[in-house]
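**Q** Questions regarding the structure given below will be posed in turn.
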Amino acid sequence: MNNILSCEEHVAGNGDPSFSVIWLHGLGADGNDFIPVLPYLNLNGLATRFVFPNAPAIPVTINSGMVMPAWYDIRAGDLSTRHDEGGIRLSARQIEGLLAREKERGIPAERIVLAGFSQGGAIALHVGLRHVEQLAGVIALSTYLVLEHTLDEERSAANTGTPIFQVHGSLDPVVEVQRGEACRDQLAAAGYNLEWSTYPMRHEVCMEELVAVGGFLRRVLSLDLPSPRPGRIRPVSCPDHGLSRKSGHRTD
């Protein structure tokens, strides 16, 4: 396939992969950023290919035009205005290319999860809500919606019931929790099947969160999920523990 993004790959479990997770990093990071968290997901019973794409290096306005890996330009600190539509849609097409490649490798859409942290989570949501075939799930970590005003027109009916796992740090100074809550509320109002949780952390991930992500993956990749209940927000119990692990850059 032409113009495919460069990626880091890792297979969890034994044998040929039956499932795939495409996991997007945050601003300024790269595809290696989340590889170290895989042992904490406890997926040994599921032969799963993890695909960690590398974002292209572009100038980022909010960082004084510095060139760094980014899925799109960030032009405003509140992250709610002046979205880089051209960059977002370019990245969306590139992730669609990775989805197509996984299907060519024999993994159907219903066995693929899109995941991402911060800027990467915004693209994971953008693509997952619009993909024409039903996906296994979407994981949205410390993130927000981009081009949310286009969702009603562009959303795919195939993924209205797709499970979405959304997590945010209550102390996040970069992507404030209010942005995550706005994303949560819009998706719930639109009828999506959403799990929401917060942890007492900043713009990062913690061990309890990773354990919960692993539990979500085991559920959605088990192929025997109960029927979704659209429009439901299912809160996840989150212990008030200190931070035990950080990942990714905090300049997102």
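**Q** Suppose R0 equals 25 Å; then what is the FRET efficiency for residue 57 and residue 89 from their Cβ-Cβ distance, rounded to the nearest 0.05? Before the final figure, lay out the partial values.
**A** Working: r = 18 Å, r/R0 = 0.74.
FRET efficiency, residue 57 to residue 89: 0.85.
**Q** OK, next. Can you tell me, using C-alpha contacts under 8 Å and at least 6 residues apart, the relative contact order of region 7-235 as a whole percent? It would help to have the intermediate numbers written out before the result.
**A** On the way: 488 pairs, mean separation 39.3, N = 229.
The value is 17 percent.
**Q** Here's another thing I want to ask about it. Which residue, 183, 35, 92, has the largest displacement toward the positive end of the dipole of the chain when charges sit on each Cβ (Lys, Arg +1; Asp, Glu -1)?
**A** Among 183, 35, 92, the one farthest towards the positive end of the dipole of the chain is 35.
**Q** With each run of n ≥ 4 DSSP H residues scored as -39500 (n - 2.57), what mean residue ellipticity at 222 nm is computed for the chain after dividing by its residue count and rounding to the nearest 500 deg cm²/dmol?
**A** The per-residue figure over the chain is -7500 deg cm²/dmol.
**Q** In nm, to one decimal, how far is the residue 207 label point from the residue 4 one, both placed 7 Å along Cα→Cβ?
**A** 3.7
**Q** What full-extension length gain, to one decimal in nm, is calculated for residue 152 and residue 64 as 0.36 nm per residue of separation minus the Cα-Cα distance?
**A** Details: separation 88, 0.36 × 88 = 31.68 nm, distance 3.36 nm.
That pair, residue 152 and residue 64, stretches by 28.3 nm at full extension.
**Q** Assigning unit charges at the beta carbon (Lys, Arg +1; Asp, Glu -1) and nothing else, what dipole magnitude in debye, to the nearest 20, does region 1-158 show about its Cα centre?
**A** Numbers: 11 positive and 18 negative charges, 28 e Å.
Here region 1-158 has a charge dipole of around 140 debye.
**Q** On to the next question. Apply the membrane-span-like helix rule to the chain: whole DSSP H runs, Cα extent along the own long axis of at least 24 Å, mean Kyte-Doolittle hydropathy at least -1.0. List the helices found.
**A** Membrane-span-like by this rule: 85-104.
**Q** Give me the net charge of residue 111's neighbourhood, meaning all other residues with Cβ under 12 Å from the Cβ of residue 111; Lys, Arg count +1, Asp, Glu -1.
**A** Summing Lys and Arg as +1 and Asp and Glu as -1 gives 0.
**Q** Right, next: Please give the contour-minus-distance gain from residue 44 to residue 110: 0.36 nm per residue of separation, less the Cα-Cα distance, rounded to one decimal in nm.
**A** 21.8 nm
**Q** For region 89-128 and region 1-72, write down the distance between their C-alpha centroids in whole Å.
**A** 11
**Q** With a ≥ b ≥ c the root eigenvalues of the C-alpha gyration tensor of region 46-194, is it rounded (a/c under 1.5), prolate (a/b larger than b/c) or oblate?
**A** Oblate shape, in that a/c is at least 1.5 and b/c is the bigger or equal ratio.
**Q** Suppose the chain between residue 171 and residue 32 were pulled fully straight at 0.36 nm per residue; how much longer would it get relative to their current alpha carbon spacing? Each step should come with its number before you reach the end.
**A** Values: separation 139, 0.36 × 139 = 50.04 nm, distance 2.53 nm.
Working it through step by step, the gained length comes to 47.5 nm.
**Q** Select from 161, 22, 67 the residue farthest towards the positive end of the dipole of region 7-235; place +1 on Cβ of Lys and Arg, -1 on Cβ of Asp and Glu, and compute about the Cα centre.
**A** Sorting the options by dipole projection puts first 161.
**Q** Ordered by packing density, taken as the mean number of other Cβ atoms within 10 Å over each peptide's residues, highest first, how do 89-97, 116-124 rank? Walk me through the numbers on the way to the answer.
**A** Values: 89-97: 17.4, 116-124: 30.0.
In descending order of packing, they fall as 116-124, 89-97.
**Q** Can you give the local net charge around residue 56? Use residues other than it whose beta-carbon is closer than 12 angstrom to its beta-carbon, Lys and Arg +1, Asp and Glu -1.
**A** Residues near residue 56 contribute -2 overall.
**Q** Sticking with this structure for a sec: Give the label of the value calculated from the structure for Kirkwood radius over Cα pairs in Å, choosing from (i) 18.7; (ii) 19.3; (iii) 17.9.
**A** Computed from these coordinates, Kirkwood radius over Cα pairs in Å corresponds to label (iii).
**Q** While we're looking at this one, here's another question. Pick from 134, 166, 186 the residue whose mean-square fluctuation is largest in a GNM of the chain, springs joining Cα atoms under 10 Å.
**A** It is 186.
Read-outs: derived from the displayed coordinates by stated rules, not from any lab. Just so you know, these numbers come straight off a predicted model, no measurement behind them. All Cβ positions, glycine included, derive from the backbone under ideal geometry; neighbour counts span all protein chains shown.
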